[in-house]
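I have placed the structure first, in the form of structure tokens, so that the comments after it can refer back to it.
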Amino acid sequence: MSLKSIAPGIVLALLAVAAPAMASDYQLLFLLQLLMMIALAQSWNLISGMTGYVSLGHTAFFGVGAYAGALLLQWGFPWWLAIFKGAGIALLVAAPLGVLTLRLRGPYFAIAMLGLNEIGRLVATLWVDLTQGGDGIPLSPARLPTLLQNYYTMLTLAVLATSLIAWVRYNRLGLELRAIREDEEAAEMVGVNTTRNKVIAFALSAVIPGAAGAVYAFYTSYIDPVSVFAPALNIQMIVMVLLGGSGTVWGPVIGAVLVRTLHELTWAQFPALHLALLGVLIVAIVLFLPKGILSLAPWRRRVRPDRAPGSP
Amino acid sequence: MHLLEPVLLLQFLVSGLLAGALYALLACGLNLVFGVMRVINLAHAELMLAGAFLTYVLYAWAGIHPLLAFFLVLPALFGAGFYLQRLVVERVVGKGELQSLLLTYGLSIILINTGLLIFASDFKAIPELQGALIVGDIAISKPRTAAALLAIALTLGVYHFLKHARLGKAIRAVAEHPDVAMLCGIDVVRMRMFTFGLAAAMAGAAGVMLTMIYSFSPETGADFILKCFAIIIIGGMGNFIGALYGGLLLGVAEIFVAGFVSSQWAEAVAYVLLILILLIRPTGLKGAADVT
């Protein structure tokens with residue numbers, strides 16, 4: 001990785017650090033949500049974009065983190081510790097689940113993850129003593145971090161998630177994960193420890209949503225099972241990654257910016273229309289742009305040997 | 001009344017089978033598409049709701065009874081499925097699971113939200129065919145019985161068709177080995193269009209039945225699709241008749257849990273079964289990928 005390739009990232013991060021000085025509270029909230037979606041999209045990118053194992057239930061970890069964060073805050077932990085523990089609990093939940101579910105290939109894994117998110121939602125709904133069930137948990141304002149604190153935490157998470165992808169992509173782990181995506185049997189035959197690598201990627205991809213879930217609980221100051229174990233959130237992650245280019249470092253960031261802007265322009269007036277448009281977008285990407293927007297960039301064509309003239 | 005009385009157990013069993021028949025019809029269509037073209041149709045439950053809303057519109061605007069609407073909804077959904085396959089889904093056949101999952105995910109979002117734009121999110125119901133038959137000591141709801149009998153008849157009819165009809169055999173040949181089927185002179189693309197049309201018609205039929213027994217909104221599909229996944233995984237992915245058994249099993253299991261524990265926990269049955277089967281025997285109880 002050269003300085004040239006990370007320069008745009010540094011510029012973007014500096015802009016984001018400086019943003020609160022000039023943004024209104026409303027704009028700051030928009031940026032906060034954008035950063036959250038970047039963090040979530042990158043997490044999905046790590047497991048699904050890199051390995052091709054499609055997780056349709058990544059919000060399970062977001063929900064676990066949100067509930068852990070909210071409950072720990074209520075029990076008197078400081079907010080930043082609650083976020084760390086939320087991430088830790090998501091990791092503790094994800095590691096054994098990864099060992100179990102990643103034995104499943106293709107559609108079986110996708111469906112198992114969909115089921116896991118539903119189980120998470122049901123547990124949060126039915127375990128009333130702990131979670132207050134469907135009524136949800138309102139958080140008392142006195143203990144909550146400020147908008148600015150939430151913003152910088154989310155910025156940290158987005159930068160961490162993007163750096164994680166950049167780091168993984170250019171080291172051995174990333175190479176092996178992409179080998180799994182292309183042909184798992186072949187990868188295994190040339191000595192890639194596929195199970196270990198998949199579980200590592202899965203666990204890493206659960207930590208950030210766990211932390212982001214806790215921050216979400218803090219900035220909305222109220223959570224319930226439907227709002228955090230939300231399939232709609234999972235849809236957004238998938239669209240962002242695909243739109244930008246899955247398995248790439250900057251694709252999900254570009255995707256998140258486009259989708260959140262579209263969201264901002266249409267959501268308030270036409271919620272159903274907005275989601276229908278997202279659906280059209282998914283179908284269009286799958287049919288016409290399977291490698292994402294980044295694949296259109298002219299400078300990428302020259303360096304990709306698989307796109308050289310004469311190759312199939 | 002004590003919970004272990006035989007009459008009550010029988011009542012649960014009958015209610016469970018009646019509820020399960022609808023699941024079975026829906027899941028068989030989903031499984032047929034998967035078996036023939038390895039596409040998991042995440043929009044399958046939305047096709048059912050398309051059938052349900054079509055029935056509702058016919059009832060509300062033209063006063064057509066749901067049982068008659070059946071004969072209009074079935075061909076309509078068949079045609080819709082036929083062309084959906086031709087124009088959209090065919091392009092991702094054989095391209096890997098990610099592509100087809102995402103494509104049908106997109107289709108389902110489009111259908112749900114178009115439904116919301118037209119019908120809003122209120123629940124609709126058709127108050128026809130009510131009441132119950134009393135047989136011995138147990139009560140059997142009339143609409144549920146009608147729906148269940150239709151569902152079972154349709155499912156077995158399609159099964160018979162796949163097993164014995166010339167066209168059905170051609171479809172199975174495509175499922176078994178598309179390239180060889182093509183070499184034998186079978187129009188593979190057309191068979192897939194026909195398969196998707198058939199599955200959509202089965203979903204549409206399930207939609208007609210849905211209007212008779214439940215209230216529904218454009219967002220109702222999510223519960224059903226997850227249950228269908230559980231069912232086809234219980235029965236074996238791609239195994240048509242396995243989905244029939246799986247559907248009936250899930251219906252019965254749900255009613256028993258609702259009766260003995262609580263109706264909220266009944267919702268969890270499908271997911272718990274789903275995860276258990278995936279972990280213990282991912283090919284399903286009847287074995288995977290045998291279209292019949």
Check your understanding: Using beta carbons and a limit of 6 Å, which pairs, at least six apart or on different chains, have the first residue in the stretch A:113-134 and more than 9 Å from every other protein chain (Cβ to nearest Cβ) and the second one open to solvent by 30 Å² or more (accessible area, probe 1.4 Å)?
Key -> A:Gly133/A:Thr125; A:Gly134/A:Thr125
Revision key, fill the gap. The one condition B:Val39 fails out of (1) modelled with pLDDT under 90; (2) surrounded by fewer than 20 Cβ atoms within 10 Å (Cβ to Cβ); (3) under 18 Å from the mean Cα position of the chain (by Cα) is (2)
Review point. Looking only at the stretch B:112-131, which residues are in a helix (DSSP H, G or I), surrounded by fewer than 22 Cβ atoms within 10 Å (Cβ to Cβ) and either more than 8 Å from every other protein chain (Cβ to nearest Cβ) or on the phi > 0 side of the Ramachandran plot (or both)?
Key: B:Ile118, B:Phe119
Review point. Can we say B:Ala45 is part of a helix (DSSP H, G or I), within 16 Å of B:Leu149 (Cβ to Cβ), of a type in the set (Gly, Ala, Ser) and open to solvent by less than 10 Å² (accessible area, probe 1.4 Å)?
Key: no
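Is it the case that some residue within the stretch A:50-61 is out of contact with any helix residue (DSSP H, G or I) (no Cβ under 6 Å at 6 or more places or on another chain), assigned to a helix (DSSP H, G or I) and not charged (D, E, K, R)?
No.
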**Study point:** The listed residue being outside any loop (DSSP other than H, G, I, E, B), more than 14 Å from chain A (Cβ to nearest Cβ) and without any contact (Cβ under 8 Å) to a residue 12 or more places away in the chain, out of B:Ile152, B:Ile134
**Key:** B:Ile134
Practice item. Can you run down the residue pairs with Cβ atoms below 6 Å, 6 or more apart or on separate chains, where the first is in the stretch A:185-209 and of a type in the set (Phe, Trp, Tyr) and the partner is not in a loop (DSSP other than H, G, I, E, B)? Key: A:Phe202/A:Ile47; A:Phe202/A:Gly98
**Study point:** Enumeration of residues in the stretch A:103-162 that are farther than 20 Å from B:Cys228 by Cβ, open to solvent by less than 20 Å² (accessible area, probe 1.4 Å) and not in a helix (DSSP H, G or I)
**Key:** A:Gly136, A:Ile137, A:Leu139, A:Pro145
**Study point:** Residue check, A:Leu204 surrounded by fewer than 24 Cβ atoms within 10 Å (Cβ to Cβ), in contact with a Phe, Trp or Tyr (Cβ under 8 Å, 6 or more places away or on another chain) and not in a loop (DSSP other than H, G, I, E, B)
**Key:** no
Exercise for review: Kindly check whether there is at least one residue in the stretch A:44-55 that is more than 14 Å from every other protein chain (Cβ to nearest Cβ) and touching a Phe, Trp or Tyr at 6+ places or on another chain (Cβ under 9 Å).
Suggested key: yes
Practice item. Quick one: A:Pro231 ticks every box in (1) modelled with pLDDT of 85 or more; (2) under 20 Å from A:Phe62 (Cβ atoms); (3) within 12 Å of another protein chain (Cβ to nearest Cβ) except a single one, so which number is it? Key: (1)
Revision key, fill the gap. Taking the stretch B:52-96 and the residues there that are in contact with a strand residue (DSSP E or B) (Cβ under 9 Å, 6 or more places away or on another chain) and either open to solvent by 30 Å² or more (accessible area, probe 1.4 Å) or of a type in the set (S, T, N, Q) (or both), the one that is farthest from the other protein chains (Cβ to nearest Cβ) would be B:Ala60
Check your understanding: Among the residues of the stretch A:291-311, is any more than 14 Å from chain B (Cβ to nearest Cβ), at pLDDT below 80, open to solvent by 20 Å² or more (accessible area, probe 1.4 Å) and closer than 29 Å to B:Asp223 by Cβ?
Key -> no
Check your understanding: Taking the condition under 18 Å from A:Ala211 (Cα atoms), open to solvent by 10 Å² or more (accessible area, probe 1.4 Å), out of contact with any strand residue (DSSP E or B) (no Cβ under 9 Å at 6 or more places or on another chain) and not in a loop (DSSP other than H, G, I, E, B), does A:Leu72 pass?
Key -> yes
Review point. For the stretch B:117-131, what are the residues that are of a type in the set (Gly, Ala, Ser) and in contact (Cβ under 8 Å) with a residue 60 or more places away in the chain?
Key: B:Ser121, B:Ala125
Check your understanding: Picking from B:Ile241, B:Ile186, B:Ile255, which residue would you name as being open to solvent by 10 Å² or more (accessible area, probe 1.4 Å), away from every other protein chain (no Cβ under 14 Å) and not in a helix (DSSP H, G or I)?
Key -> B:Ile186
Study note, to complete from the structure: Taking first residues from the stretch A:141-152 that are under 14 Å from A:Ala16 (Cβ atoms) and second residues anywhere that are modelled with pLDDT of 85 or more, the pairs with Cβ under 6 Å that are 6 or more apart or on different chains are A:Asn150/A:Val215; A:Asn150/A:Phe218; A:Asn150/A:Tyr219; A:Tyr151/A:Leu28; A:Tyr151/A:Leu32
Study note, to complete from the structure: Reported set for the stretch B:97-111 where residues are facing another protein chain (nearest Cβ under 7 Å) and either not in a helix (DSSP H, G or I) or not aromatic (Phe, Trp, Tyr) (or both) is B:Glu97, B:Leu98, B:Gln99, B:Leu101, B:Leu102, B:Leu103, B:Gly106, B:Leu107, B:Ile109, B:Ile110
Review point. Of all residues in the stretch B:213-232, which are within 19 Å of B:Ala153 (Cβ to Cβ) and either in contact with a strand residue (DSSP E or B) (Cβ under 7 Å, 6 or more places away or on another chain) or open to solvent by less than 20 Å² (accessible area, probe 1.4 Å) (or both)?
Key: B:Ile231
**Study point:** Of all residues making up the stretch A:102-112, the number that are closer than 22 Å to B:Asp223 by Cβ and more than 7 Å from every other protein chain (Cβ to nearest Cβ)
**Key:** 1
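The values are calculated or read from the model by the stated rules, or taken from the named source; none is laboratory data. Just so it is clear, the structure is predicted and the values come from calculations on it, not from any experiment. Quick reminder, even Gly has a Cβ in these numbers, built from the backbone with ideal geometry, and neighbours come from all protein chains shown. Side chains included, ligands, DNA and RNA excluded: accessible areas come from the protein's heavy atoms. Shrake-Rupley method; radii C 1.70, N 1.55, O 1.52, S 1.80 Å.
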